[in-house]
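S.K.: Structure in structure tokens, see below.
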Amino acid sequence: MEGKLTKAQKDYIVKLLQEGRDLPDEFRYLLFPSKQNEYELIYAGKIRKEDLIANEDGVFPVPLQVDKVFNGEEHKQFEDGWRNMIIFGDNLQFLKTVYENKDPLIKDKVKGKVQLIYIDPPFGTGDEYDGNKGQSAYSAKRKGADFVEFLRRRLILLNEILADDGSIFVRLDYHFGHYMKAIIDEIFGKNNFRNEIVINRFKRQLRDLNQFNVATDSIFFYTKGDASFFNEVEIGRLCTFCGMKREPQWRGMSSPGLRNPPERIIFGRELLPPKGRHWSYTQERINQFVEEKRIRINEEINYKDLKGKKIKGLPEYLQTENIPVDSNWTDLKGYVFASSYPTENPEELLQRVLLSASEKGDLVMDVFGGSGTTAAVAEKLGRRWITCDIGKLSYYTMQKRILTIQDSKDLNNPKKKHGKKSKSFIAAQLGLYDLGKVFDLQELKYKEFVMGLFEVEPLKNQKISGFEVDGKKGEYYVKIFQHWKFKGSSVDETYLKSIHSVISKKVSGRFYIIAPANYVDFLTDYHEIEGIRYYFLKIPYQVIKDLHKTPFQKLRQPQSKKNVNDLEETIGFHFIRQPEVKSKVVTKGEKIIIKVDEFRSHYYKGEEGEVLDNFETLAMVLIDTSYNDKEFIMEKVYFADELLTKKPKEAENEDNLRKELKEQKDISIMLDKNEVEKRILVVYVDIYGNEFKEILTIK
């Protein structure tokens, strides 16, 4: 590096740094040389792969917490005990957890074993997309380089966890599809690009435009390497131009150009092909066609063979009823609305993807789970699957879809039901944890969990002057306070002095202690003794600025269906804090009315400690109208904007929506009596993903 910089350049760089000014772009590759591809897409905010892997972006792997095990009977697992998984959480955090490969739920089960990845990320354009009835269904707001980098970081990690013979399919639209094509070439290698597949999108018939209506999206198909698995998929023969089904036809059995040997034995006769041509099939294939009765001699057509001899009757072959699928998939629907979830991929599309690039028992992944089509089709085809989404609506939509999969359509005969219940699967949370479940863990699992939260590297049988430590955070040691042993005791000055008296001569700088918040007697984030700072990593965790380069960022749930596919990210983690809800149920004639008088979240605006206003943080209300006391199977969804008495002038404006929600005195949800059983389960969700659940008995 130094050989490439002149003294004048070095002096100039020092001057800029001293003045706190940005370095010009031309110094980028001189100061930070890296191995370049043949070409590279350069844009603002693009970080190095090495920095992403090292968590320099401020996003860390966090542990998985099991929410519920469904269909848990032993015979419904795979033979090796694998259970399929629905994960609620930020997919970048999830992919980093998979890449780290330490979480006991997935350790050595996912990384390097994913055979097929399919993702359909929100397209990040600012456009609005229409539903099946012309209504504005959703918008995707992330734009420009922000969207490209958002997706690139996830694709880097997806490539790292994909099996060596695995494949990935990425669905995108015309806004960013070909920017992302360049990015995927960088990540997977342009030699591993297989196809750009054309698929239908929402159909619009707008007039008075200065361009054509956009009718298609693209699916970019890549493999991890040359040794990839691919299975040829066939469909019924279609008309090349009109797309309609077409009966097989008889075709002349010759093609342009010469081949050796030229002759073939057909019905006992040795025949040469027409002049300047060759027979289209080998002798073995022709023999097979004869057995299948797919060869005939058309006596009405004469031709001259290679030697100029006039031959009466041209050999013809009958086309097959099925043909191999090519890269034009416009015979399929682009999106469907079977689950009332915007941008739901059709099962026929995922069936084609899974059949082409996976086999029974293979692991399939989708980290933009949405309505759960990938998981549902993988379940029906006997694949293992793991899916993730940051939306609570998606989380419960996917659970319902898998729990009721026996009632959904059969893949090969839409008039029949699938008929089989799903194998056992796990619903798990990542980044938003139930505090009670954390403290109920057994000692070993508790230690594993909290070390995962705070990015601690475990140490086995490590002692400092006889004092046992549990791990290291960076270069500093960590002790997990054993709250289960020290009931009545706490992390106070006496406890710290007892540690300090033993380790003070062997450590410097800082020492970390992980403990439940109610076991820590200090209000500050650390306590200093003789130059050593004893930091407290408290549970529930309030972010300590001294420990993270990036401020803590909670996930946010949408308050309108239009924003379901907004691309949100989570940094760090937090714990479930149930909202306060006051409600009652009233029967009026043929209607059941759920009246909510109060909904408040336990988060605060800024540092002043101002409590959030009533209804301000309500995201959605989900209802199981026939609760069976076992599983929540979502039947109704009401977004906050749908529950407003007065609609805001600009519903898409979040500030206007929050303002209108704060002015609500109460909220009413009206159900028809004939839709409701005696017991219903209502789930109120706030914008931070916290829930309040209540069972209502209908009299």
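S.K.: Got a number for residues in segment 499-521 being surrounded by 12 or more Cβ atoms within 10 Å (Cβ to Cβ) and either under 19 Å from Tyr446 (Cα atoms) or not assigned by TED's automatic domain parsing to the domain that holds Leu441 (or both)?
M.R.: Number of matching residues: 8.
S.K.: Give me a count of the residues in segment 304-322 that are within 18 Å of Gly252 (Cβ to Cβ) and either touching a Pro at 6+ places or on another chain (Cβ under 7 Å) or surrounded by fewer than 16 Cβ atoms within 10 Å (Cβ to Cβ) (or both).
M.R.: 9
S.K.: Would you say Gln557 is within 29 Å of Phe449 (Cβ to Cβ), at pLDDT 80 or above and surrounded by 20 or more Cβ atoms within 10 Å (Cβ to Cβ)? Outline the logic, then answer.
M.R.: Numbers: within 29 Å of Phe449 (Cβ to Cβ): yes; at pLDDT 80 or above: yes; surrounded by 20 or more Cβ atoms within 10 Å (Cβ to Cβ): yes.
So Gln557 passes the test.
Okay, residues lined up against (1) among the hydrophobic types (A, V, I, L, M, F, W, C); (2) more than 23 Å from Pro63 (Cβ to Cβ); (3) surrounded by 16 or more Cβ atoms within 10 Å (Cβ to Cβ); (4) outside the structural domain of Asp103 (by TED's automatic domain parsing):
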residue: Phe454; (1), (2), (3), (4): yes, no, yes, yes
residue: Lys463; (1), (2), (3), (4): no, yes, no, yes
residue: Lys479; (1), (2), (3), (4): no, no, yes, yes
residue: Lys497; (1), (2), (3), (4): no, yes, no, yes
residue: Leu523; (1), (2), (3), (4): yes, yes, no, yes
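S.K.: Which members of segment 197-227 meet the condition of being out of contact with any strand residue (DSSP E or B) (no Cβ under 6 Å at 6 or more places or on another chain) and among the basic types (Lys, Arg)?
M.R.: Across segment 197-227, the qualifying residues are Lys203, Arg204, Arg207.
S.K.: Does Glu635 satisfy the condition of being touching a Ser or Thr at 6+ places or on another chain (Cβ under 6 Å) and either surrounded by fewer than 15 Cβ atoms within 10 Å (Cβ to Cβ) or modelled with pLDDT of 90 or more (or both)?
M.R.: Taking the combined requirement at face value, the residue satisfies it.
S.K.: Quick check on my filter: what residues within segment 386-445 are among the aromatic types (Phe, Trp, Tyr) and surrounded by 14 or more Cβ atoms within 10 Å (Cβ to Cβ)?
M.R.: Once the filter is applied, which keeps residues that are among the aromatic types (Phe, Trp, Tyr) and surrounded by 14 or more Cβ atoms within 10 Å (Cβ to Cβ), segment 386-445 yields Tyr395, Tyr396, Phe425, Tyr433.
S.K.: Which numbered condition in (1) more than 29 Å from the chain's Cα centre (by Cα); (2) closer than 30 Å to Leu92 by Cα; (3) modelled with pLDDT under 80 is the only one that Leu537 fails?
M.R.: Only one criterion in (1) more than 29 Å from the chain's Cα centre (by Cα); (2) closer than 30 Å to Leu92 by Cα; (3) modelled with pLDDT under 80 is unmet by Leu537, namely (3).
S.K.: Just the residues that are in a loop (DSSP other than H, G, I, E, B) and modelled with pLDDT of 90 or more, please, taken from segment 615-627. Walk me through how you get there before you give the answer.
M.R.: The first filter runs over segment 615-627 and keeps only residues in a loop (DSSP other than H, G, I, E, B), leaving 615-617, 625-627.
Thr625, Ser626, Tyr627, listed by residue number.
S.K.: On to the next question. Which residue pairs have Cβ atoms under 8 Å apart, sit 6 or more places apart or on different chains, and have a first residue in segment 95-119 that is on the phi > 0 side of the Ramachandran plot and part of a loop (DSSP other than H, G, I, E, B) and a second that is surrounded by fewer than 17 Cβ atoms within 10 Å (Cβ to Cβ) and among the polar types (S, T, N, Q)?
M.R.: As it stands, the answer is Asp108/Asn101, since those pairs meet every condition given.
S.K.: Conditions: (1) surrounded by fewer than 11 Cβ atoms within 10 Å (Cβ to Cβ); (2) touching an Asp or Glu at 6+ places or on another chain (Cβ under 6 Å). Asp217 meets all but one. Number of the miss?
M.R.: (1)
S.K.: Quick test of your reading of the structure: Asn71 fulfils all but one of (1) modelled with pLDDT under 90; (2) more than 19 Å from Val364 (Cβ to Cβ). Name the failing condition by number.
M.R.: Just one mismatch for Asn71, condition (2).
S.K.: Further, regarding this structure: Restricting attention to segment 68-109, and to residues there that are within 14 Å of Ile426 (Cα to Cα) and of a type in the set (Asp, Glu), which single residue is surrounded by the most Cβ atoms within 10 Å (Cβ to Cβ)?
M.R.: Looking at residues that are within 14 Å of Ile426 (Cα to Cα) and of a type in the set (Asp, Glu), I get Glu73.
S.K.: Here are some residues: Tyr341, Tyr335. Which one is touching a residue at least 12 places away in the same chain (Cβ under 8 Å), under 18 Å from Pro414 (Cα atoms) and aromatic (Phe, Trp, Tyr)?
M.R.: Testing whether each residue is touching a residue at least 12 places away in the same chain (Cβ under 8 Å), under 18 Å from Pro414 (Cα atoms) and aromatic (Phe, Trp, Tyr) leaves just Tyr335.
S.K.: Can you report the number of residues in segment 308-324 which are farther than 24 Å from Lys245 by Cα and either part of a strand (DSSP E or B) or among the charged types (D, E, K, R) (or both)?
M.R.: Qualifying residue count for the region: 7.
S.K.: Whether any residue in segment 15-36 is within 23 Å of the chain's Cα centre (by Cα), at pLDDT 75 or above and of a type in the set (S, T, N, Q) is what I want to check. Outline the logic, then answer.
M.R.: Narrowing segment 15-36 to residues within 23 Å of the chain's Cα centre (by Cα): none.
No, every residue in segment 15-36 fails to be within 23 Å of the chain's Cα centre (by Cα), at pLDDT 75 or above and of a type in the set (S, T, N, Q).
The values are calculated or read from the model by the stated rules, or taken from the named source; none is laboratory data. Here the structure is a predicted model, which means the values were calculated and not measured. Counting neighbours? That spans all protein chains shown, and the Cβs are built from the backbone with ideal geometry, glycine included.
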